[in-house]
Amino acid sequence: MTATETAPAGRTARVPLGRDFGKLWTAAAFSNLADGLGRTAVPLIATTLTRDPLAISVIAALAFVPWLVFGLPAGMIVDRFDRRVVMAAANVLRAGVALALAVLTVAGGLSIWWLFLGVLVFGLGETLFDNATNAAIPGVVGRRQLDRANGWMQAAQITIDSFVATPIAGILFAVSLALPLWLGALGYIVPVALALLLPVSAARALRASETGAEEPARVSTRDALIFLWRHRYLRAMVVFTAVIGCALSFAQAVVILFFLETLSVPAAAIGFVTAGIGIGALGGSLLAPVLVERFGRGPVMWAAVLAGGAMMLATGLAPNVWTAVAAFALSACAISIWNVPWGSLRQQIVPPEMFGRVLGVIRTLTWGLFPVATVIGGWVGRADLRMPFWIGGAVVIGAALLGARLVIVGTRRAGAEAPAD
C-alpha cells in the first residue's frame, strides 16, 4: 500500500486511510470515551472520600503500575495471540470493573481501597488494549501513512476525552456519583464487536509462510530485549522519554486539586476546564503530521519537548484559572506533537513480529516509573500545589537542552527521520 497517488493536475494526493482503519479508530474512540468518563469520575469520587493530596495522587499513580508489572507479559500476549481477541477481552475486563464500582457506589460500600483496586484493574486492561491497538495500526495502513494514522488516533483520544467524556463526566458526577461509571461500562462494550471485525492483517504480524517465504524463528521476549539493547538510538530515546514522562507525571500529580483548591474551580466545572486544555492537545495531534512533513521528526520532537516544559512551568506560575488553562493547553499541545512522531518512529524501526514485546519493554521502562514520580509529586504538593508544576517544568526544559543532539541528529542518523516506502 502506498501513501500517495498522482492527481490529474499533477499534484500529490493522499490515499484515504481505509475502512479497516476506520474500524480500529472507532473501537479506540469508544474505549477513549469510557476511559475519559472514568479518568474524570474516579478522582472526583475519591475527593468525596479524602482531600489528602498524597492519597489523590495515588489514584493517578496506580493507573501506571500495571505497565511496570504487566507491560512485558502484555507485549508477549499481543505478539503471540490474535490482537483482535486481546482488544475485545481487555474491554470486557474493564467493563466488568466499571460495573462493579458503580454497584459499590450505589450500595454505599465504596471505599478509597476499592477505588485503588479498580484503577489497578483498569490499568491492566489498558496495557492489553493499547498495546494491541498500537501493534495493529501497521497492519491496516501503509508505512507512509503512519504519522497520519497515529495523528488521527491521538486526535480521537483527545477530542473524546476532553470535549465529550470529561465535561459530561463532571455533570454526571454532580447528578449521581455512579452515573459516569454506568455509561463507561457501556462504552467499553461497543469496541468488542468492532475489534473482532478487523482483518487478519491486524490480528498479528504476517508470518513469512503466509507470503510464500520461509517461516521465521519464533520471537521471544529475550529477542525483544536484545533488539532494544543493541539499538543504540532507540535505547537512548527510551531513557530520554522516561525522564520527560516522569517529570510530567510529577508535575500533573495534583492537577485536580490544583484546579479545585488553588484556583477555586467548582467540581461540576472541572470537565469544562480540562476541555479547554484539550483544545491544545487536539491541535497538537492534528498539527504534528504537518510539522513533521515540513521540518522533520527530530526537530519537531525536540521543539515540542522544550515548549512542553516551558508551558508546564508557566502553569504553576499562572495567577488565575484562565492563564493556567491557557498555559496547560499549550503544554498539552506540545506533548501531543511529540507523541505522534514518537509513536510512528517506533512502528517504523521495530520489526512487526516483535513490536508488541518491544513496546511492552519500552512502556515498562518508561510508564513503569510514572507511579513513583506521581506519588512524589503528590507528596511535594502537600507543601504547595503549585510546586510540582515548577519542578517538573524545569526538569523537562533541562532534559530538552541536554538531549537536543540525540533527538535531532540521532533521529536522522537512525534512519527514522522520514517514513519509508
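The values are calculated or read from the model by the stated rules, or taken from the named source; none is laboratory data. All values derive from a computational prediction rather than experimental measurement. Here the Cβ positions follow ideal geometry from the backbone for every residue, glycine too, while neighbour counts run over all protein chains shown. Quick note on the areas: whole protein, heavy atoms, side chains included, nothing else; ligands and nucleic acids left out. Shrake-Rupley method; radii C 1.70, N 1.55, O 1.52, S 1.80 Å.
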Here FRET efficiency (C-beta to C-beta, VAL175 to MET387, R₀ 41 Å, nearest 0.05) is 0.75
Rounded to the nearest 10, the angle in degrees between the Cα long axis of helix 83-107 and the longest principal axis of the Cα atoms of the chain comes to 10
For the range 18-28, in residue order, the Karplus 3J(HN,Hα) values (coefficients 6.51, -1.76, 1.60; θ = phi - 60°; whole Hz; Gly and Pro = x) are x, 5, 5, 5, x, 5, 4, 4, 5, 4, 5
Share of accessible surface on carbon and sulfur in the chain, whole %, 1.4 Å probe and ligands ignored, is 68
Note: ARG235 to LEU401 extended length (0.36 nm per residue) minus current alpha-carbon separation gives 57.9 nm
Phi angles of the range 30-39, converted by Karplus (6.51 cos²θ - 1.76 cosθ + 1.60, θ = phi - 60°) into ³J(HN,Hα) in whole Hz with x for Gly and Pro, give 5, 5, 5, 4, 5, 4, x, 4, x, 5
Computed over the chain: longest principal axis from alpha-carbon atoms vs helix 270-295 long axis, angle to nearest 10 degrees, is 20
Relative contact order of the range 61-162 (C-alpha contacts under 8 Å, at least 6 apart) in percent is 41
Pseudo-spin-label distance PHE81 to LEU196, built 7 Å along Cα→Cβ, given in nm, is 1.5
Under 20 Å by backbone N from the virtual spin label 7 Å along Cα-to-Cβ at GLU261, the residues of the range 304-341 are 315-322, 324-325
Longest principal axis of the chain (C-alpha) makes with the long axis of helix 146-158 (C-alpha) an angle, in degrees to the nearest 10, of 20
With every protein chain kept in place and a 1.4 Å probe, the range 47-120 has an accessible area per residue in Å² of 42
Check: C-alpha center the range 330-346 vs C-alpha center the range 86-128, spacing in Å is 29
Expressed as a whole-number percentage, the relative contact order of the chain with C-alpha contacts under 8 angstrom and at least six residues apart is 28
